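Notes follow once the structure below has been shown.
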C-alpha cells in the first residue's frame, strides 16, 4: 500500500485489544466501527465485509462449519501478526458460522491506524489469513433443495496469503 | 492485492452508478454500505474512512475548503477510472467540507466486487486520488484559538498515486 | 488422545470425534494419518490424499512432521475455506 | 474569462475570483501565471513558485503548457490536500 510495509519499530511493545467474535448472529458493522474510531488518534479505518453470493441464483444458502475454540484463537493470532507488522491502533475480526443466506455477511474485518497505508495493508492481510488459516469450511445448499459440495480451497487464496511472507 | 490488477476485459462496456457526495453533513456510512450490498452478486465490500485527528491535542478542528462544481466532477472521474481498471460492482465516494472536529470523518469511500482483490485495490486507488486530485484543501484551527497554516501536500501521497501509473 | 474431524473429513469418516490410543510406533502427525487410513473404508476414503489434509494439535496448526506426544486434541480437516 | 483562486493562493491574492482579459500574447497557462504574477505584490506573493501551482480549466486539471483560448473559468490553486 502507500506507506512502507516494514514492521513498525515499536512493534514488540505494542499490543492492541482486538474485537474478535465467532458467532451465528448477524454482524453489526456500524457498532464495531464506532467502537474503533472517534479517538482523535485514528486517522484511517479500513473495513472488509465478505458476503454470501447467490451464484447466479443457484445457491439457497452457505453452511459454515467451524472448529469452536480453535477458530477464536487462530483469528486472535492472525490479528496479533498484523499488529506486529503494521502500526494499527485497533482491529476487529468477526466470522459467522451456521446457515448464511445470499446477501448476508459472512465475515467482517476492520483495522484503524493513524494513516491509510497501514490500515489497508493490515485489513487485506487479515482477510488473506482468515481465508486460509482460520478453521472454517463452507458447504453449498442449493435452491433445488439438495446439499451441494464443500467449497474447494482456491489456489488464488493460498497465493494471496503467501505473498505476505515475501515482505 | 490478491486478484490480478490488470484492467478487466469488459471494462469499456461496464458502467456503474456511483454514490458521489460533497457536503458539510456528517457521513452515514451504514446507509451507504447498505445501498451497495445485499444484491447476491456482491461478494466483497471494502470501505475506507478518513478521520480528523487531534494531533496530540493541538488541533481544535480542520477546515476543508473545496472547489464546488469541480470537486464532484473530479471525484466522479476518479471513480470511473477505478471502474475501468477493476471489475467493481458499485462504489461510493463522499467528501465533507467546512469545519470538521477531531474524531469526525472527513472522507468515506466504498467499493464492492465479486471478489476481495478488486474491492481492496479499487478502494485504495480511490483514496490515493481523492488525496491528490480532488480539489480540497485542509487548514488547521488550533486549540489556542489561532488559525494555523494550510496543510502541506505530502510527497508520500504523490508517490501513492503515482504507483498506479506503473500497473 | 482425542481426535476431532471437520468438513468432508468428518463426513467421510462418519463421526465428529473419538478417543484413540495409537500404537507406540505412531510418533508424528504423518504416522497418525497413515495409521488412521488403515482403520477401515471410511478412514481410507477420508484420508486417501494425506498430503492435502491439515492438522492442528491443541488448536495450533502443525505440519505433518510434528510429533504427537503429549497432544490432548488432534484435529484433522481439509484446507480451510472461510472468509 | 473568470479566474478562481483557492486555499493559500486565494488568501495571498486576497480575492476569491475575478474577471480578467489578459493580452493576446498570453496563450498558455504558463503565460497566464507569469502575467498574473506581474500584476502586483499580492499576486507575486501567491505565485512566487509557479511550478507548484495547479490549474484547472473549466473544472478539468491541465498542465502549464495547456492553451487557455476558449476557457470560461480558470482555477488556480496549491497542491490538493483532501482525503
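Counting other C-beta atoms within 10 Å, which of A:116, D:54, D:72 has the fewest, and how do the rest follow?
Lowest to highest Cβ neighbour count: D:72, D:54, A:116.
Using helices alone, what [θ] at 222 nm do you get for chain B, with -39,500 (n - 2.57) per DSSP H run of 4 or more residues, divided over all residues and rounded to the nearest 500?
-9500 deg cm²/dmol
Which shape class applies to segment B:61-129: rounded if a/c is under 1.5, otherwise prolate when a/b exceeds b/c and oblate if not, where a ≥ b ≥ c are the square roots of the Cα gyration tensor eigenvalues? It would help to have the intermediate numbers written out before the result.
Details: a/c = 3.23, a/b = 1.73, b/c = 1.87.
It is oblate, given that a/c is not under 1.5 and a/b is not larger than b/c.
For chain A, set up a Gaussian network in which alpha carbons nearer than 10 Å are linked by springs, and say which option among A:61, A:31, A:83 fluctuates the most.
A:31
Obtain the nm distance between the two label points defined at residue C:49 and residue A:16 by a simple spin-label model: each point lies 7 Å from its Cα along the Cα-to-C-beta direction.
Between residue C:49 and residue A:16, the simple spin-label model gives 3.6 nm.
Using the 7 Å Cα-to-Cβ label point, sort the distances from residue B:145 to its equivalents in the other copies shortest first and give them in nm to one decimal.
Its label point is 7.8 nm from the equivalent points in the other copies.
At a Förster distance of 45 Å, what's the computed FRET efficiency of residue B:25 paired with residue C:24, Cβ-Cβ distance as r, to 0.05?
Values: r = 72 Å, r/R0 = 1.60.
E between residue B:25 and residue C:24, to the nearest 0.05, is 0.05.
Could you tell me the distance between the Cα centroids of segment B:100-167 and segment A:31-61, to the nearest Å?
Segment B:100-167 and segment A:31-61 have Cα centres spaced 20 Å from each other.
By how many degrees, between 0 and 90 and to the nearest 10, does the Cα long axis of helix A:116-133 differ from the longest principal axis of chain A?
40 degrees
Compute the separation of the alpha-carbon centres of segment C:1-55 and segment D:35-83 and state it in Å as a whole number.
72 Å
Ranking D:15, D:76, C:57 by Cβ neighbours within 10 Å, fewest first, what do you get?
D:15, C:57, D:76
Using only alpha-carbon positions, what ratio does the radius of gyration of segment D:30-69 give when scaled by 2.2 N^0.38 Å?
Here the Cα radius of gyration is 1.16 times the empirical estimate.
In whole angstrom, and with the biggest value first, how far do the Cα coordinates of the protein assembly as shown range along each principal axis?
Taking max minus min along each principal axis of the Cα atoms, the protein assembly as shown gives 96, 49, 35 Å.
For residue A:163, place a label point 7 Å out from Cα along the Cα→Cβ vector, do the same in each other copy, and report the separations in nm, one decimal, smallest first.
Taking the point 7 Å beyond Cα along Cα→Cβ, the inter-copy spacings are 1.0 nm.
Of all DSSP beta bridges located in chain B, what percent are antiparallel, nearest 5?
On the way: 27 of 32 bridges.
Of all bridge pairs located within chain B, approximately 85 percent are antiparallel.
Quick one: order C:10, D:12 by neighbouring beta-carbon count within 10 Å, fewest to most.
Least crowded to most crowded, the residues run D:12, C:10.
Between copies, how far apart are the residue A:34 label points? List them in nm, one decimal, shortest first, with each point 7 Å from Cα toward Cβ, please?
1.3
Among DSSP beta bridges lying fully in segment D:2-77, give the percent that are antiparallel, nearest 5.
Antiparallel: roughly 75 percent of the beta bridges in segment D:2-77.
Rounded, prolate or oblate: which fits segment D:2-77 when a ≥ b ≥ c are the square roots of the eigenvalues of the alpha-carbon gyration tensor, with rounded for a/c under 1.5 and prolate only if a/b beats b/c?
The shape class here is rounded.
What fraction of the DSSP beta bridges in the protein assembly as shown is antiparallel, stated in percent and rounded to the nearest 5?
Bridges in the protein assembly as shown are about 80 percent antiparallel.
If you fit an axis through the alpha-carbon atoms of helix A:70-85 and take the longest principal axis of the Cα set of chain A, what angle between them do you get, 0 to 90°, nearest 10?
30 degrees
Of B:84, B:53, B:96, which is the most mobile in a GNM of chain B whose springs link Cα atoms less than 10 angstrom apart?
Top of the fluctuation ranking is B:53.
Comparing B:89, B:99, B:126, which has the greatest mean-square fluctuation in the GNM of chain B with Cα pairs linked when under 10 Å apart?
Looking only at B:89, B:99, B:126, the biggest GNM fluctuation is shown by B:99.
Laboratory data are not the source of any read-out in this text; all were calculated from the coordinates shown. Predicted model, so just to flag it, every value in this text is computed and none were measured. When we count neighbours, we look across all protein chains shown, and the Cβ atoms used for this are built from the backbone with ideal geometry, even at glycine.
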